[in-house]
1. Report the relative contact order of segment 161-251, percent, no decimals, based on alpha-carbon pairs under 8 angstrom and at least 6 residues apart.
2. Compute the accessible area per residue over segment 183-300, keeping the other protein chains in place, probe 1.4 Å, unit Å².
3. Accessible area of segment 31-178 with a 1.4 Å probe: how many percent of it is carbon plus sulfur?
4. Give me, ordered by chain and number, the residues 5 or more places off Arg16 or on other chains with an amide H under 5 Å from its own placed amide H.
5. With everything on Cα atoms, drop me the angle between helix 371-385 and the longest principal axis of the chain, reported from 0 to 90° to the nearest 10.
6. What is segment 88-146's relative contact order, in percent, from Cα pairs under 8 angstrom and six or more apart in sequence?
7. Report, as a whole number in µm² per second, the diffusion coefficient that Stokes-Einstein gives for the chain at 20 °C and 1.002 mPa s using the Kirkwood radius over alpha carbon pairs.
8. Per residue Cα convex hull volume for segment 182-235, in cubic angstrom?
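The values are calculated or read from the model by the stated rules, or taken from the named source; none is laboratory data. Note that the structure is predicted; figures quoted are calculated from it, not measured. Cβ: placed from backbone, ideal geometry, glycine included. Neighbour counts: every protein chain shown. For the accessible areas, the whole protein counts, side chains as well, though only heavy atoms, and no ligand, DNA or RNA atoms are used. Shrake-Rupley method; radii C 1.70, N 1.55, O 1.52, S 1.80 Å.
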Amino acid sequence: MRPPFRHRAAYAAFDRFPSSKGSAVHIAQMADELFDRFGGGLLGVLGGGLPRYQWEGGREIARFDARIPNLIDRAEAFSGWLAGHLAPHLDTLEVCHVRDPWSALPVVTAEGRRHRVVYEVNGLPSIEMSHTWPWAAPATLAKIRELERFCLERSDAVVVPSAVIGDAVRRLGVPAGRVHLVPNGADVVPRPARPADAPGRYLIYVGAFQPWQGLDVLLRAFARLADLDDLRLVICASVPERRAKPVRRMAERLGVAERVDWRFTLPHHEVAAWLAHAEASVAPLTGCARNLDQGCAPLKVIESMAAGVPVVASDLPVVRELMAGGEHGRLVPADRPAELARAVRILLEYPDEAAAMGGRARRRVQDGLTWTHSRARLAEVYRTVAPSRPAPTSEGRPAEDHMPDPT
């Protein structure tokens, strides 16, 4: 039995949505652009405590929530699940936008494929997993790398958020003409009110606790600022509190635990308020293969700049794509706590110049790194792979409360 409405577009990601992670912000923006262009579509993502099925306007949202402990087994099951959701729409789909090889596989191999595939590479699991799961077998990583190549070769366009990731994709054999740079963005909004429980002076770290984020480097640097007894470190973590135990133990060993304030899985607008009133935002990315060879696109840097806050970050190519040391903040060698502490100290000693850096950073985002700019670039990719057709009207579209749950 066919669904009551068949889609022209689909967006799929092996990621939980919505969530407090930066990836969820990115998914929301990219999916909005796709569905605005095609009059709605199918969004296939991970669930976990979220409704398995929703209908919002022209968007059909399906969430995979099978409890499968092994990551690879879960990813393969997601691919099969997604194929089932796409099947009723294969004769009407025009563009499928995917974020990972497990989303891409059922899309590029669909029987009688007529749709175009836009593969958005924010990271390569074959590289990232060696850092997240260091016990992963080399043979497993090699198989994932082949899966990446297979899907990339069969995609019509590959979208990357940084030039470094673009280079990594081209090294996998993707022709340069198929690789499109669509940077991350941020909204430049009026300064929000100061959080009621914010300390007088604080540095801020936003993100998760993966090794490549360098939070351990930041804590070691903060220990070197013990003489600044009115300065605190606020950690806005995108992960649940239970995941913070190892990092909190490290803070205790370094003697800084009493000077650290923890905030977990805050809504995006609350993180923005904490950012806006910080003395500086710190992005201590490590100099590992994940950040150097594969590349990344640190959304925290752009959002900090949009908030008008000077950024102290690792001097990596992916960061230099976004900001200039001495103009928008300070760049320091990666993995050097002493250098990081020194850069923060200098920034705090010259508050007028720090404020000027924050102002220039905000203008830098306003002039070319907003989500409006990013979505315009993505829209051009869609125009390239799928020439425009009129979007269907909502006439005849089923009411939300009468939609069946196909799962």
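1. Relative contact order of segment 161-251: 29 percent.
2. Working: 5060 Å² over 118 residues.
I get 43 Å² per residue for this part.
3. On the way: 3100 of 5940 Å².
Carbon and sulfur atoms account for 52 percent of the accessible area of segment 31-178.
4. Hits under the 5 Å cutoff: Leu46.
5. Long axis of 371-385 versus the principal axis of the chain: about 30 degrees.
6. Numbers: 51 pairs, mean separation 18.8, N = 59.
Reported relative contact order: 32 percent.
7. Numbers: Rh = 22.3 Å.
D, rounded to a whole number, is 96 µm²/s.
8. Values: hull volume 6.5 nm³, N = 54.
Looking at segment 182-235, the number lands at 121 Å³ per residue.
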